[in-house]
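Some notes on the structure that comes next.
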Amino acid sequence: MEMVQVNEFLKQCQQSGDAAYAAFKSLLERLEDPKTRCEARMFLSDLQSRVGSSDDCLHRYHFRIQDIYLDQHQGSQGRKKLTMMVIPSIFIPEDWSFTFYEGLNRHPDSIFKDKTVAELGCGNGWITIAIADKWLPAKVYGLDINPRAVKVSWINLYMNAFDEKGQPIYDEEKKTLLDRVEFHESDLLAYCREHDIQLERIVGCIPQILNPNPEAMSKMITENASEEFLYSLSNYCALQGFVEDQFGLGLIARAVEEGIAVIKPTGIMIFNMGGRPGQGVCKRLFERRGFLVNRLWQTKVLQAGDTDISALVEIEKNSPHRFEFFMGLSGDQPICARTAWAYGKAGGRISHALSVYSCQLRQPNQVKVIFEFLKSGFQEISSSLDLSFEDDSVADEKIPFLAYLARVLKENSYFPYEPPAGCNSFRNLIAAFMKTYHHIPLTSDNVVVFPSRTVAIENALRLFSPRLAIVDEHLTRNLPRQWLTSLAIETAENGLSEDALTVIEAPRQSDLMIELIKRLKPQVVVTGIAHFESVTSSAFVQLLDATREIGSRLFLDISDHFELSSLPGSSGVLKYLSGTPFPSHAAILCGLVKNQVYSDLEVAFVISEEEAILKALSKTVEVLEGNTSLISQYYYGCLFHELLAFQLTDRHPHPERRIEKSKSVEMIGFATSAISVLNNSELSISDDRNSLIHMDVDQWFLPMPSPVKAAIFESFARQKMAESEIDVTPSIKQFVKSNYGFSTDSSTEFIYSDCSQALFKNLVLCCIQEGGTMCFPAGSNGNYVSVAKFLKANVVNIPTNSKEGFKLTGEILNKALETVKKPWVYISGPTINPTGLLYSNKEMENILTACARFGARVVIDTSFSGLEFDFQGWGGWNLEGCLSKLSSSGNPSFCVSLLGGLSLKLLSGALKFGFLALNQPHLIDAFHSFPGLSKPHSTDKYAIKKLLALQEQKGGMLDVVTEHTRHLENRAKRLKEELEKCGWNVLRPLAGVSMVAKPSFLNKAVKVSHSLKDTGSSEKDASTYEVQLDGSTIREAIVKTTGLCINSGSWTGIPGYCRFTFALEDTEFEQALACLVKFKSIVGN
């Protein structure tokens, strides 16, 4: 091009910044065309020589071309300088970016070599081009949200990829900068995300001050926007919705989280960080997202004169945080933003620290899973996430669990049914760990899971009900007080009373323990092994021999010696069991508490090769505890999985073992009353080989709402929760007052457990202790009736009638309680389980009045309430006035305890939480004499408190519960219609998740298979037998012919009426309806 063309070009540029940009945009089109590229590059050289690089050129012509000198020392690779152009509407290189490049320079040369790199906020592209020139990466993507910056970057790329004569410049690999560099308009990493580009390095030098005019940031970003607005994009950022916004670091936080999604596992992120918020805040931004941080370089730079720091002054005004500035470059005492702002306004120069951070994910694959989960609709909880750990062992445990939990919550809409013996996958992992690390050939069938070690011991003792048991003194702390204070040892020796259970505490040292065993001859021994005896198996063998000789059951606790490690310590007990089958009279007990994060998160398991003991123990879990926390099982399951994931499958199969039959005196068997109750109770049916549909369990299998998933995840993502954040009592007090009008005062004590059934168990024990009688209306929850019977309480069934919908009335109670000694009356309400009917406030007043007349202790169980869908005329409960009147005028022994569970009310599925409100001091003392309660973990309490708070908010959980309740109403209608078509008489429910119905085809006979039938199997079992259908056999007939599990009249207490729960997953609900139709056709044939 000739001189006249340069003059015309400059004349156009002189008009305005927009005109200059238009001129260069036209020039870029010529550079992009190979035919005109050489000529256009030579024109740029002429232009540079004509105007120079002075600031005057920028003001006069609205552009400037200048040289940036890179390496001034001998021996450095690449070129010494880059020739770069800028325009006023883009970021102009200054100390901020030069310092960043110096930080990049501190990395070894291999840092970018052959890597895929992205630079965020590339401005005029000089750092992107410098990286490509010096380190020869495979590809560098320069990204900027400012469309003009991207165009200028491309011009600069052509200017440096070709020499002044328009000839390409080749590097040592015979490539040009055009082969290595691309520039794209992109909001942070959007371009890479949309084009599925996986990066190995991400570098960024982006704004870290909030725009003092927030509205300006909401404008559309186009190349035709004003120069002032486009330039502001390089100085300011908008609010991003991150906790770091308060420090002006929200854009960095978003860049980091977007980077996690697109960076390869070994990738590194490098960011320029202004030290204004303080180094601790800057570092924590990365560490809480799972990064290991290395500060490469730190210096001070003058605060840019064109950047307004008033937004930081505003933050200081509204928070205790103080930003860090300095007076001039030599000042070493920090001043706050307000002081810096005032000093700057008065003409002073202010500076701030500037650091370059290099960051690498410590467990990249797991952290990626966590952030994928957060991005799938849970962004609001990212501010609670804290993956910063001083101890690597804590990080190695918690990050994989959070990733596992994130995957489970993201991929599953609900938590599936798990058998009472424990989660199938968890028991498989325990068995695999024992097989892999200790060479004991177990399967999941050899394992039963308990909420805690204490619960396992107490359940075992109740199952065998020995007159005398010896228990290691370290294991008696939470056993019932009366077992430990009973002096009925002589009675025990003489066998006079089956009900008196005496526990003798004994030292752990084996010779002393064996001496006591030989002298006292207990029926059950529960002990651990002293540390100094644990390495060899001799103490264990002596205990086995001593207990076998007297016919005693042995439960050996290995909790203190069981290590969740890839190099577990030596254990004499486990060594012995690797070579010898379990003796039939012995079982191993282990409490898992040795995790690195939560000292109070416990799960226990019992292992044995005696099938009858394992089956009976698993039934005790279902009867006395309800279940073991599923999420606690997931936590320890994750630890086992991490230790097994890298192992090869067992290459040396273990020889088949035969269980050793005891050659001793007769061994104590299960207590007659206990095993009778377990065999006759309708407990849930489990079958690993067949897919069953469970309409017989009180669980929530409908989709879990997002707030529930968020609360569960956040409870584990948090660290160092304040006591106030896990103190649920104020929330529960408010909950029972607003929902039931149940007022509390300073004498009220709230007690919590994983499951309301465990709390009810302790109430039954209090009833037994004071010689009371448990009174259940016909039409009560069969599981609760089984609890009372298993514990050998005096039980009275109060008849109800169909005219009242099998509800209890004051009139019925007045008749029933006349002959009952010290009555304890159980009432399920407002929603009645199993019928799904409702007690009105007036009905409850009549019932309570009758109870007060007889001085009854009343247990109101609200566990199944909160999902009322047909409540016209019901009006809710407000018991306050009634209870106040009855308490002051009635019998002094009258009291009302409120039992509740929040699993159904909060639609929380696996997040179980039971509460009990006790008002009478005597009852509170009695309750605490049974301390072996499995208590909710701090994470459960945090999540429950969060969800209860959401329930109070409009548009929160309230709307979600309303929506699900409508869904349940539709379910109930459909199930009622299908049952009636199939010949059942249905009692229409008004609330809850269950209903009852009576078949019209009793007394008919059907043929059923001996084994549970897989409804998906085409094979027919030839081994069949005939069942006469009645109130107790119909359950067996339905499950064995269709795979549908329901509860019969034996469970509901209403002759002939079966119970169906319908909070099933959609597909399973449809299958359940099909099973009913199928059974109808079987009966018809």
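The values are calculated or read from the model by the stated rules, or taken from the named source; none is laboratory data. Model, not experiment: these values are computed from the prediction. FYI the Cβ positions are ideal-geometry reconstructions off the backbone, even for glycines, and counts take in every protein chain you see. Each accessible area value is taken on the protein alone, full model and side chains, heavy atoms only, with ligands, DNA and RNA left out. Shrake-Rupley method; radii C 1.70, N 1.55, O 1.52, S 1.80 Å.
The table for this structure:
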{"read-out": "All helices (runs of 4 or more DSSP H) inside the range 916-987 with 1 or more residues being over 25 Å from the mean Cα position of the chain (by Cα)", "value": "921-928, 957-981"}
{"read-out": "Residue list for the range 545-565, restricted to those being β-branched (Val, Ile, Thr) and within 29 Å of Glu397 (Cβ to Cβ)", "value": "Ile558"}
{"read-out": "Verdict on Phe242 being closer than 18 Å to Asp386 by Cα and either crowded, with 22+ Cβ neighbours inside 10 Å or without any contact (Cβ under 8 Å) to a residue 12 or more places away in the chain (or both)", "value": "no"}
{"read-out": "The lone exception for Ser570 - which of (1) open to solvent by less than 10 Å² (accessible area, probe 1.4 Å); (2) farther than 30 Å from Val764 by Cβ it fails", "value": "(1)"}
{"read-out": "Residues of the range 834-872 that turn out to be open to solvent by 30 Å² or more (accessible area, probe 1.4 Å), part of a loop (DSSP other than H, G, I, E, B) and either free of Cβ contacts under 8 Å to residues at least 24 places away in the same chain or touching an Asp or Glu at 6+ places or on another chain (Cβ under 6 Å) (or both), as a count", "value": "1"}
{"read-out": "Which numbered condition His195 fails, given (1) over 22 Å from Gln66 (Cβ atoms); (2) touching a residue at least 12 places away in the same chain (Cβ under 8 Å); (3) open to solvent by 10 Å² or more (accessible area, probe 1.4 Å)", "value": "(2)"}
{"read-out": "Lone unmet requirement of (1) over 16 Å from His928 (Cα atoms); (2) buried (at least 19 other Cβ atoms within 10 Å of the Cβ) for Ser746", "value": "(2)"}
{"read-out": "Of residues in the range 667-678 being aliphatic (A, V, I, L, M) and either free of Cβ contacts under 8 Å to residues at least 24 places away in the same chain or in a loop (DSSP other than H, G, I, E, B) (or both), the one surrounded by the most Cβ atoms within 10 Å (Cβ to Cβ)", "value": "Ala671"}
{"read-out": "Within the range 152-189, considering residues that are in contact with a helix residue (DSSP H, G or I) (Cβ under 6 Å, 6 or more places away or on another chain) and charged (D, E, K, R), the one most open to solvent (accessible area, probe 1.4 Å)", "value": "Glu164"}
{"read-out": "Odd one out for Ile270, checked against (1) open to solvent by 10 Å² or more (accessible area, probe 1.4 Å); (2) in contact with a Phe, Trp or Tyr (Cβ under 8 Å, 6 or more places away or on another chain)", "value": "(1)"}
{"read-out": "Hits in the range 140-151 - residues which are basic (Lys, Arg) and either under 42 Å from the mean Cα position of the chain (by Cα) or surrounded by 24 or more Cβ atoms within 10 Å (Cβ to Cβ) (or both)", "value": "Arg148"}
{"read-out": "Odd one out for Gly1031 among (1) farther than 30 Å from Leu702 by Cβ; (2) part of a loop (DSSP other than H, G, I, E, B)", "value": "(1)"}
{"read-out": "Residues satisfying the stated conditions in the range 121-140, i.e. farther than 18 Å from Arg64 by Cβ, aliphatic (A, V, I, L, M) and without any contact (Cβ under 8 Å) to a residue 60 or more places away in the chain", "value": "Ala132, Leu136, Ala138, Val140"}
{"read-out": "Long-range neighbours under 6 Å by Cβ, at least six apart or interchain, first residue closer than 14 Å to Ser566 by Cβ within the range 426-446, second assigned to a loop (DSSP other than H, G, I, E, B)", "value": "Thr436/Gln647; Tyr437/Pro568"}
{"read-out": "Helices (runs of 4 or more DSSP H) wholly inside the range 679-769 containing at least 3 residues that are touching a strand residue (DSSP E or B) at 6+ places or on another chain (Cβ under 8 Å) and outside the structural domain of Cys1058 (by the TED database)", "value": "729-740, 756-769"}
{"read-out": "Test: residue in the range 706-715 that is touching a residue at least 40 places away in the same chain (Cβ under 8 Å) and within 25 Å of Phe854 (Cα to Cα)", "value": "no"}
{"read-out": "Condition met for Ala395 (closer than 30 Å to Gly267 by Cα, out of contact with any Ser or Thr (no Cβ under 8 Å at 6 or more places or on another chain) and either surrounded by fewer than 16 Cβ atoms within 10 Å (Cβ to Cβ) or small (Gly, Ala, Ser) (or both))", "value": "yes"}
{"read-out": "Sole exception among (1) surrounded by 15 or more Cβ atoms within 10 Å (Cβ to Cβ); (2) modelled with pLDDT of 90 or more for Pro265, by number", "value": "(1)"}
{"read-out": "Unmet requirement for Cys982, which otherwise passes all of (1) in the same structural domain as Tyr740 (by the TED database); (2) crowded, with 16+ Cβ neighbours inside 10 Å; (3) over 26 Å from Pro705 (Cβ atoms)", "value": "(1)"}
{"read-out": "When residues of the range 77-121 are limited to those that are in contact with an Asp or Glu (Cβ under 8 Å, 6 or more places away or on another chain) and polar (S, T, N, Q), the one most open to solvent (accessible area, probe 1.4 Å)", "value": "Gln77"}
{"read-out": "Selection within the range 229-257 - closer than 27 Å to Asp95 by Cβ, acidic (Asp, Glu) and within 25 Å of the chain's Cα centre (by Cα)", "value": "Glu244"}
{"read-out": "Criterion: in contact with a Ser or Thr (Cβ under 9 Å, 6 or more places away or on another chain) and modelled with pLDDT of 90 or more - qualifying residue of Val621, Val606, Val593", "value": "Val621"}
{"read-out": "Members of the range 1029-1080 found to be polar (S, T, N, Q) and either open to solvent by 10 Å² or more (accessible area, probe 1.4 Å) or over 33 Å from the mean Cα position of the chain (by Cα) (or both), listed by number", "value": "Ser1032, Thr1033, Thr1041, Thr1042, Ser1048, Ser1050, Thr1052, Thr1067, Gln1071"}
{"read-out": "Segments classed as helices (runs of 4 or more DSSP H), wholly inside the range 215-310, with at least 2 members that are among the acidic types (Asp, Glu)", "value": "227-232, 250-262"}
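One line per residue, one yes/no per condition, for (1) buried (at least 23 other Cβ atoms within 10 Å of the Cβ); (2) over 28 Å from the mean Cα position of the chain (by Cα); (3) at pLDDT below 95:
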| residue | (1), (2), (3) |
| --- | --- |
| Phe450 | yes, no, no |
| Ser465 | no, yes, yes |
| Ala469 | yes, yes, no |
| Leu479 | no, yes, yes |
| Gln482 | no, yes, yes |
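Residues are listed down the side, and each one gets a yes or a no for (1) in contact with a strand residue (DSSP E or B) (Cβ under 6 Å, 6 or more places away or on another chain); (2) hydrophobic (A, V, I, L, M, F, W, C); (3) outside any helix (DSSP H, G or I):
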position	(1), (2), (3)
Leu577	no, yes, no
Ala587	yes, yes, yes
Gly591	yes, no, yes
Lys594	no, no, yes
Tyr598	no, no, yes
Ile613	no, yes, no
Thr620	no, no, no
Leu624	no, yes, no
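Residue by residue, here is whether (1) closer than 17 Å to Ser186 by Cβ; (2) assigned by the TED database to the domain that holds Ser110 holds:
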{"site": "Asn224", "(1), (2)": "no, yes"}
{"site": "Leu233", "(1), (2)": "yes, yes"}
{"site": "Phe247", "(1), (2)": "no, yes"}
{"site": "Leu251", "(1), (2)": "yes, yes"}
{"site": "Val262", "(1), (2)": "yes, yes"}
{"site": "Ile270", "(1), (2)": "no, yes"}
{"site": "Val281", "(1), (2)": "no, no"}
